[in-house]
1. Condition first: under 15 Å from Leu41 (Cα atoms), touching a Leu at 6+ places or on another chain (Cβ under 9 Å) and in contact (Cβ under 8 Å) with a residue 12 or more places away in the chain. Can you find one or more residues in the stretch 58-73 that meet it?
2. Look through Lys86, Lys8 and report the one residue that is modelled with pLDDT of 95 or more, out of contact with any strand residue (DSSP E or B) (no Cβ under 7 Å at 6 or more places or on another chain) and at negative phi.
3. If I ask for residues that are closer than 16 Å to Thr5 by Cα and surrounded by 12 or more Cβ atoms within 10 Å (Cβ to Cβ), which ones from the stretch 61-91 would you list?
4. Among the residues in the stretch 4-25, are any in a strand (DSSP E or B), under 16 Å from Glu84 (Cα atoms) and in contact with a Pro (Cβ under 7 Å, 6 or more places away or on another chain)?
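The values are calculated or read from the model by the stated rules, or taken from the named source; none is laboratory data. Because the structure is a prediction, the values reported are computed rather than measured. Please note: Cβ atoms are built from the backbone with ideal geometry, for glycine as well, and neighbour counts cover all protein chains shown.
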Amino acid sequence: MAEITITKENFQREVLESDIPVVVDFWATWCGPCQMLGPVLAEIAQEYEGKIKVGKVNVDDERDLAIEYKISSIPCLILFENGEAKRTAIGLQPKEKLLAFIQG
C-alpha cells in the first residue's frame, strides 16, 4: 500500500478507525530531513503492506492537526494503534530505528 495523504477530513477514518497500526508522518515540503525520511517511509509502507499503514500530514496544509497533536518539530512520527497515539519519534531516523519504533 502506498502512503496515504492524511487531512482533517479523512483523519478519523484513516487513522483513528484503522484496524491496523498507523504511522503518521508530520512533515513539510521545505524540511530537508522530512524529504530524506520520505523514501524510507515509502519503503516501509510497501514492505509492511496490510500490517502497517503510513500516512503523511503536511503541517502547512493541515495546521489544525499539527496543533491538535502539539507538533513543534518535524519530521515527527506518531504511531497510532486502536485509535490512540502510542509513541512519538522526532527527527530523521534510519530504517532500523523506525522499524524498532513501529514494533515497540
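1. Initial filter on the stretch 58-73 (under 15 Å from Leu41 (Cα atoms)): 58.
Subsequent filtering for residues that are touching a Leu at 6+ places or on another chain (Cβ under 9 Å) retains none.
No, the stretch 58-73 contains no residue that is under 15 Å from Leu41 (Cα atoms), touching a Leu at 6+ places or on another chain (Cβ under 9 Å) and in contact (Cβ under 8 Å) with a residue 12 or more places away in the chain.
2. Values: Lys86 fails: out of contact with any strand residue (DSSP E or B) (no Cβ under 7 Å at 6 or more places or on another chain).
Result: Lys8 is the single residue among Lys86, Lys8 that is modelled with pLDDT of 95 or more, out of contact with any strand residue (DSSP E or B) (no Cβ under 7 Å at 6 or more places or on another chain) and at negative phi.
3. Applying the first criterion (closer than 16 Å to Thr5 by Cα) to the stretch 61-91 yields 61-66, 75-80.
Across the stretch 61-91, the qualifying residues are Asp61, Glu62, Arg63, Leu65, Ala66, Pro75, Cys76, Leu77, Ile78, Leu79, Phe80.
4. Narrowing the stretch 4-25 to residues in a strand (DSSP E or B): 4-5, 22-25.
When the remaining residues are screened for being under 16 Å from Glu84 (Cα atoms), the result is 22-25.
So of that shortlist, the ones also in contact with a Pro (Cβ under 7 Å, 6 or more places away or on another chain) come out as 25.
Checking the stretch 4-25: at least one residue is in a strand (DSSP E or B), under 16 Å from Glu84 (Cα atoms) and in contact with a Pro (Cβ under 7 Å, 6 or more places away or on another chain).
Condition check ((1) at pLDDT below 95; (2) within 10 Å of the chain's Cα centre (by Cα)) across all residues:
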residue: Met1; (1), (2): yes, no
residue: Glu17; (1), (2): no, no
residue: Pro21; (1), (2): no, no
residue: Trp30; (1), (2): no, no
residue: Gly50; (1), (2): yes, no
residue: Ile67; (1), (2): no, no
residue: Ile71; (1), (2): no, no
residue: Cys76; (1), (2): no, yes
residue: Ile90; (1), (2): no, no
